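To keep things clear, I will list the structure first and then write my remarks on it.
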Amino acid sequence: MAQLALVTGASSGIGEALAQRIAADGVDLILVARREDRLRALAADLPVEAHVVPLDLTERGAPEALMAEVARYGRPIDILVNNAGFGHAGAFAKQPLEPELGMVDLNIRALVELTHRVLPLLIERGHGGILNVASTAAFVPGPFVSVYYASKAFVLSLSEGLSEEVRGTGVTVTALCPGPTTSEFGAVSGMEHSRLFKGVKRMSSPQVADIGWAGFKAGRRVVIPGWQNRMSSVVTKHGPHRLLLPVIRYLQS
């Protein structure tokens with residue numbers, strides 16, 4: 001029987017491209033996102049068995065409801081792709097609270113809950129893995145996008161810690177850290193007109209998905225697509241924040 005992967009945030013962008021790339025390897029899919037029409041259109045084009053679960057993971061109890069729905073299929077999950085997430089730009093003190101908490105709920109809480117529900121089952125069977133979509137934003141604080149950057153730092157840190165915890169179990173945990181990518185993210189987050197998005201060459205979602213999926217299959221702990229993103233992540237990770245933060249502030253304005 002084919003393996004089964006659960007992909008959140010699969011209706012567009014990197015999530016959609018990951019679903020397509022995973023399906024190309026003959027892995028069946030459970031596709032999760034809010035927009036049912038997009039999920040069904042995607043599922044119809046995939047060369048594998050694909051189940052659609054329209055769900056808003058920011059709602060309390062949504063991950064539990066999702067796992068109950070998955071149980072109805074009678075097949076264990078072999079791969080969990082935590083891709084669902086969103087960003088919101090603007091000065092923190094001037095933003096409404098709802099989207100800031102929404103980022104925490106989706107980017108962190110839902111990811112932690114799904115990971116906690118799936119990981120023990122993978123370890124028990126001794127195979128499979130989890131691919132968490134973080135960002136190059138994880139390597140440095142982000143003025144004017146502070147909660148988003150902080151949420152991705154959490155995802156990266158959690159993924160690396162879990163990767164070491166599961167070493168030797170047959171299970172892997174990978175953090176995918178893309179830089180600016182051609183997708184709906186820029187427009188939805190309000191970052192599209194920032195100097196960062198306008199000033200760099202963006203990778204396509206399929207490019208990011210290809211590199212991320214290859215890195216996951218190779219069992220890599222962290223995958224950063226593109227040499228420019230890898231170089232920038234080294235600088236932001238090791239450079240002094242007193243010098244970096246004004247630069248990030250400029251790029252995000």
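The values are calculated or read from the model by the stated rules, or taken from the named source; none is laboratory data. As the structure is a prediction and not an experimental result, all values here were calculated from the model. Glycine also receives a Cβ, built like all others from the backbone with ideal geometry; neighbour counts cover every protein chain displayed.
Residues of the range 54-87 that are assigned to a loop (DSSP other than H, G, I, E, B), farther than 25 Å from THR169 by Cβ and out of contact with any Gly (no Cβ under 6 Å at 6 or more places or on another chain): LEU55, ASP56, LEU57, GLU59, ARG60, GLY61, ARG72, GLY85, PHE86, GLY87. Residue count for the range 102-133 under the criterion of being farther than 19 Å from ASP56 by Cα, crowded, with 18+ Cβ neighbours inside 10 Å and among the aliphatic types (A, V, I, L, M): the result is 4. Please verify whether the range 224-232 includes one or more residues that are out of contact with any strand residue (DSSP E or B) (no Cβ under 9 Å at 6 or more places or on another chain), modelled with pLDDT of 95 or more and polar (S, T, N, Q). Scanning the range 224-232 turns up no residue that is out of contact with any strand residue (DSSP E or B) (no Cβ under 9 Å at 6 or more places or on another chain), modelled with pLDDT of 95 or more and polar (S, T, N, Q).
Filtered by the rule that a residue be crowded, with 23+ Cβ neighbours inside 10 Å and within 17 Å of PRO99 (Cβ to Cβ), the range 136-148 gives ALA137, GLY142, VAL145, TYR148.
Condition test on ALA43, is it at pLDDT 95 or above, outside any helix (DSSP H, G or I), in contact with a Leu (Cβ under 7 Å, 6 or more places away or on another chain) and of a type in the set (Gly, Ala, Ser)? Against the criterion (at pLDDT 95 or above, outside any helix (DSSP H, G or I), in contact with a Leu (Cβ under 7 Å, 6 or more places away or on another chain) and of a type in the set (Gly, Ala, Ser)), ALA43 does not qualify.
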